[in-house]
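Notes to accompany the following structure.
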Amino acid sequence: MGDSIGRVTSVSGSRVTVRLEGDPGAFGIGAAIKIACPDREVLGIVDALASENGPPPRGLLLVDLLGEIATSSENDPRFIRGVSRYPLIGAPARAASKRELDSVYSRLSAATLRLGSLYQDQTRPALALMDELLAKHFAVVGTTGSGKSCSVTVILSEILARHPEAHVVLLDPHNEYATAFGPLAEVVDISDLQLPLWLLNFEEAVRVLVRGGDAQEQEAQAMILREAITRARRHFAGEEFSIATLTVDAPVPYRVFDLLRFIYDAMGKLDKPDTSIPYLRLRTRIESLRDDRRFAFMFSEGFVVKDALGQNVGRLLRLPVEGKPISILDLSGIPSEVVDVVVSLTCRVIFDFALWCEHERMPPLLVVCEEAHRYVPADPSAGFASAARAITRIAKEGRKYGVSLALVSQRPSELSSQALSQCGTVFALRLANEADHRFIATLLPEAAHGLLSALPSLGTQEAIVSGQGVPVAMRIRFTDLPPERRPRSEAAQFSLAWQSASPGSEFVEEAVRRWRAQSRSRPE
């Protein structure tokens with residue numbers, strides 16, 4: 001049983017206070033202790049230290065209770081999350097043994113991921129339960145410079161190392177991850193991205209094509225566009241689909257040429273020239289985008305339309321894997337005015353594919369959304385409703401169809417609570433903003449609230465982890481990545497860069513050439 005180190009003096013919710021009977025310096029923050037209860041023992045972690053005046057002065061331990069320790073039929077300790085019976089005043093407290101700690105942190109019988117080590121014991125690995133982590137979604141939040149991108153890379157690298165037939169889609173807004181996974185990644189950037197205009201649903205098409213004029217005129221443009229897209233889809237499909245089943249949102253191809261022709265034909269039937277303004281503005285917008293190199297990924301098909309929906313989905317979802325279990329969608333080169341449309345389209349296509357495929361044959365998928373607060377903001381008016389709806393739908397219903405979601409954000413308070421509340425596990429790295437603290441506190445169980453005080457002072461790649469994907473709430477340090485595996489998210493080292501000669505006119509001319517050509521590649 002071990003010698004008693006002190007006795008309980010107060011019990012409040014999931015926290016107890018223990019008055020030490022021995023050396024106050026023998027136990028520090030992060031130490032694990034067990035406290036006797038009627039017919040069982042509860043396990044807790046020291047969260048804070050205090051002292052009590054009096055003769056003689058005594059040390060006090062403020063302890064967060066994590067769960068209960070039971071004994072199996074083989075006389076091995078077994079950890080059970082949650083506390084069903086609380087200690088009584090005067091109950092003895094003892095140091096937890098290595099076997100008891102192993103029962104908490106080393107559940108090697110389950111599918112586990114080794115993400116790093118415990119903060120209070122660098123020799124003990126920090127393990128996550130893979131099935132619980134993915135099946136119930138997870139979130140990684142932390143301010144800029146806290147090691148958030150490296151932490152995401154550690155989690156995904158551990159998954160891919162153990163499961164080479166995984167299927168992961170990573171939405172990368174800043175081209176951070178292209179080199180982090182080496183040959184395991186299929187990187188899709190604007191140079192080889194194929195998301196034709198016909199793949200957009202009506203709401204997405206309106207976001208891209210309807211511009212200019214007041215609200216009334218934009219509404220008129222949207223009505224014109226709805227009729228033209230529906231006619232263009234039906235014209236291309238011919239007899240394959242009945243008119244009753246083919247709607248404006250059906251993923252059936254159409255030619256941009258036909259779309260423009262139907263708009264022009266409708267405009268020609270007007271009696272008054274002044275009513276043609278919405279038609280002219282819509283045609284001009286479509287033609288300008290068609291001729292803009294930046295939008296080639298939407299308008300590259302011309303007169304010949306190739307129905308490559310299956311090919312594009314297969315590449316994105318890694319079906320088959322072919323040695324590349326993760327696809328990284330590099331959004332950095334996509335025009336900012338349509339990035340949210342691409343995110344909306346991607347997430348919607350992933351969910352719809354999972355919904356309509358044969359569920360018995362469909363492997364589970366993981367969608368990782370970086371900078372999630374940009375696409376599912378707390379304020380619905382701040383983002384694109386279709387993108388928020390697509391991601392929230394995965395958060396709410398994805399687990400039923402084998403689609404898991406990981407939300408990554410530097411401002412959790414600006415992220416939709418509707419989506420974030422669906423994440424069963426939260427990795428909280430350093431957060432300095434008080435609003436973010438309060439928001440994270442609403443997501444964590446009461447037993448983890450004692451750890452929240454450490455959020456502003458966490459070191460790089462340190463995190464408070466809580467939820468169903470880990471045995472108990474804990475403070476961990478993620479594994480260090482070698483330099484060649486780190487995401488490209490480090491800030492510039494000014495003191496070193498400004499000591500060497502700067503590039504000259506050739507560098508400037510090449511940048512201007514790329515700028516004008518809207519291409520990062522060099523001419524052959």
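Just a few scattered comments:
- Cα centroid separation, the range 493-508 to the range 367-427: 40 Å.
- Taking label positions 7 Å along the Cα-Cβ direction at both Asp3 and Arg162, the computed distance is 4.0 nm, reported to one decimal.
- Gain on full stretching of the segment that runs from Phe494 to Glu337 - 0.36 nm per residue minus C-alpha separation: 53.4 nm
- Backbone N atoms of the range 378-393 closer than 14 Å to the 7 Å Cα→Cβ label point of Arg294 are not found in any residue.
- Near-label residues of the range 280-296 by backbone N, under 20 Å of a point 7 Å along Cα→Cβ of Glu219: 280-282
- Tensor-based shape of the range 198-299 (alpha-carbon gyration tensor, a/c under 1.5 rounded, otherwise prolate or oblate): oblate
- Contact order relative to length of the chain, as percent, for alpha carbon pairs under 8 angstrom and 6 or more apart: 19 percent
- Förster radius 35 Å - calculated FRET efficiency between Ser381 and Ile80, Cβ distance, rounded to 0.05: 0.20
- Each of Val83, Val426, Val141 has some number of other Cβ atoms within 10 Å of its Cβ, and from fewest to most they run Val83, Val426, Val141.
- Fewest-first sequence of Phe236, Phe427 by Cβ atoms within 10 Å of each Cβ: Phe236, Phe427
- Rounded FRET efficiency, nearest 0.05, which uses the C-beta distance separating Ala70 from Gln311 and R0 of 41 Å: 0.15
- The modelled label-to-label distance for the pair His235/Glu360, using points 7 Å beyond Cα in the direction of Cβ, is 4.3 nm.
- Available extension along the chain between Ser97 and Lys269 is 53.4 nm, counting 0.36 nm per residue and deducting the alpha carbon span.
- The lysines within cross-link reach of Lys324, meaning a Cα-to-Cα straight distance under 29 Å and a gap of 8 or more places when in the same chain, are Lys136, Lys148, Lys306, Lys396, Lys400.
- Furthest towards positive pole of dipole, Thr143, Phe295, Leu43, structure part the chain, Cβ charges: Leu43
- In a DSSP loop and with at most 16 other Cβ atoms within 10 Å, the trypsin sites (Lys or Arg not before Pro) in the range 283-344 are Lys306.
- Added length on full extension, which subtracts the Cα-Cα distance from 0.36 nm per residue, Ser453 to His174: 97.3 nm
- The angle between the Cα long axis of helix 339-356 and the main principal axis of the chain comes to about 80°, on a 0 to 90 degree scale.
- Under 15 Å from the Val321 label point (7 Å along Cα→beta-carbon), backbone N, the range 345-378: 362-366
Read-outs throughout are calculated quantities, based only on the coordinates presented, and are distinct from any laboratory measurement. These numbers were taken from a predicted model, which means no experiment stands behind them. A quick note on method: Cβ atoms are made from the backbone with ideal geometry, for glycine too, and the neighbour counts reach across all protein chains shown.
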